[in-house]
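Before any comments, here is the structure.
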Amino acid sequence: MPNNRIIVDLSDRNLYLLDGDRVIRSFPVGIGKMLTRTPAGEYTIINKQLNPGGPFGVLWMGLSKPHYGIHGTDDPDSIGREVSHGCIRMYNSDVLDLSPLAPINTRVTIRP
């Protein structure tokens, strides 16, 4: 059973999927803008919803911090930029690739 966890590095705007201490995938992400920064800290994935509607793209993965999540986007140009209200945005194809590798209770570390 892999020991998968996620690190979101806000400084380089990438999400890293690790098995133990080894990076197995990395994905570019969009992050919170200056007034609604993505909160650094330790969280877990607590729920998932396919096709949540609105700006959340094809998949929502909710974090243990209420109202924050990792999700797809209906605006692919926003990836790599500081644009969200604090959530972590991914390309729709990337969030679909990540989801089966990051089950409920996966650790998510967001670092500045």
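The values are calculated or read from the model by the stated rules, or taken from the named source; none is laboratory data. This one's a predicted model, so the numbers in the text were calculated from it and none came from an experiment. Backbone-built Cβ (ideal geometry, glycine too); neighbour counts: all protein chains shown. Only protein heavy atoms, including side chains, enter the accessible area calculation; ligands, DNA and RNA are left aside. Shrake-Rupley method; radii C 1.70, N 1.55, O 1.52, S 1.80 Å.
The charge dipole of the chain, taken about its Cα centre with unit charges on the Cβ atoms of Lys, Arg (+1), Asp and Glu (-1) only, comes to about 260 debye. Each label was represented as a point 7 Å from its Cα along the Cα-to-Cβ direction; for Asp74 and Asn105 these points are 3.5 nm apart. The value of relative contact order for the chain, using C-alpha pairs under 8 Å at least six residues apart, is 34 percent. Remark: C-alpha extents of segment 18-112 on the principal axes read 31, 27, 23 Å, sorted largest to smallest. Choose one of Pro52, Ile88, Pro66: the residue whose Cα lies farthest towards the positive end of the charge dipole of segment 45-111 (beta-carbon charges +1 Lys, Arg; -1 Asp, Glu; about the Cα centre). Of the options given, the answer is Pro66.
Between Asn47 and Ser11, the contour length at 0.36 nm per residue exceeds the Cα-Cα span by 10.4 nm.
For the chain, the solvent-accessible area works out to 52 Å² per residue, with a probe of 1.4 Å and every protein chain left in place.
When the solvent-accessible area of the chain is split by element, carbon and sulfur atoms take up 53 percent of it, the probe being 1.4 Å. Placing +1 on the Cβ of every Lys and Arg and -1 on the Cβ of every Asp and Glu, with nothing else charged, gives segment 1-59 a dipole about its Cα centre of roughly 180 debye.
Only the Cβ atoms of Lys and Arg (+1) and of Asp and Glu (-1) were treated as charged; on that basis the dipole of segment 61-112 about its Cα centre amounts to roughly 360 debye.
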